[in-house]
Each structure stands twice: as C-alpha cells, then as structure tokens.
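The structure appears below as structure tokens.
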C-alpha cells in the first residue's frame, strides 16, 4: 500500500494508535508480577522473581508491580472504610502493606 504524503499518514494514524493501545493492553495482561510477603511486608528484592533479573520483561514487570501496589492500596482502603472493626483487621494490614509498597518500592532499583 502506497501512502500519498502527509494526508495519507494522517489517515493511518488512528489505526496505528489503536493497534499500539491494544498491544500495550495485551502486554500488561501477560505481565504477571509475583512477590514474596513476610508478616504483611512485601520483600522488595523478591518483586518479579518469576522473570530473569535484568531482562526487559523483568523491568516491565517491576513497573507493573508498582501500579498494582497502588491499585491494591486503594482497593483495600475502600474495603477498610466499608467494613466494621474487628472484621476489617486483615484488610487494614493488607492496606498498610500495599500502601507502603506503593510509596517505597522503586521499580528501577535492584
């Protein structure tokens, strides 16, 4: 297919962007961050232990893990607000664990 000047490129741009968004979404679904927990603390060096350290997948995984920590911090915060004491104690601990990880975890550090 031959593209005629800038107008032809402009016509293809929406299709290219939707393909990029779809592939990024599929890539995110494939990234499965895993980590170890000890006494309601995430072990930072264990984050993404299921990928080879230093690989591109490992780096992507660590960025995804940071996002998941933020999401779970919010989710458990909502649960704590909507559940009465003492039934929310486990959720409080998990909220603290994920919120601490969301604040302190650095995906670029090894």
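The values are calculated or read from the model by the stated rules, or taken from the named source; none is laboratory data. Predicted model only: the values in this text are computed from it and were never measured. Note that we place each Cβ from the backbone using ideal geometry, even for glycine, and neighbour counts take in every protein chain shown.
Points to keep in mind about this one:
- Contact map, region 34-55: residues that are free of Cβ contacts under 8 Å to residues at least 40 places away in the same chain paired with residues that are surrounded by 14 or more Cβ atoms within 10 Å (Cβ to Cβ) and assigned to a strand (DSSP E or B), Cβ distance under 7 Å, separation 6+ or inter-chain. Pairs shown: 35/42.
- Filter result for residue 76 (closer than 15 Å to residue 35 by Cα, touching a helix residue (DSSP H, G or I) at 6+ places or on another chain (Cβ under 7 Å), modelled with pLDDT of 95 or more and surrounded by 15 or more Cβ atoms within 10 Å (Cβ to Cβ)): no
- Just one of the listed residues (60, 96) is farther than 14 Å from residue 31 by Cβ and modelled with pLDDT of 95 or more, and it is 96.
- Test: residue in region 102-110 that is surrounded by 14 or more Cβ atoms within 10 Å (Cβ to Cβ), within 17 Å of the chain's Cα centre (by Cα) and in a helix (DSSP H, G or I): yes
- Residue check for residue 1: part of a loop (DSSP other than H, G, I, E, B) and either at pLDDT below 50 or on the phi > 0 side of the Ramachandran plot (or both): yes
- Residue 88 being at pLDDT below 95, touching a helix residue (DSSP H, G or I) at 6+ places or on another chain (Cβ under 6 Å) and surrounded by fewer than 18 Cβ atoms within 10 Å (Cβ to Cβ): yes
- Residues of region 46-58 satisfying the condition of being under 16 Å from the mean Cα position of the chain (by Cα) and farther than 17 Å from residue 103 by Cβ: 46, 48, 49, 50, 51, 56, 57, 58
- Residue within region 23-34 that is surrounded by 11 or more Cβ atoms within 10 Å (Cβ to Cβ) and modelled with pLDDT of 95 or more present: yes
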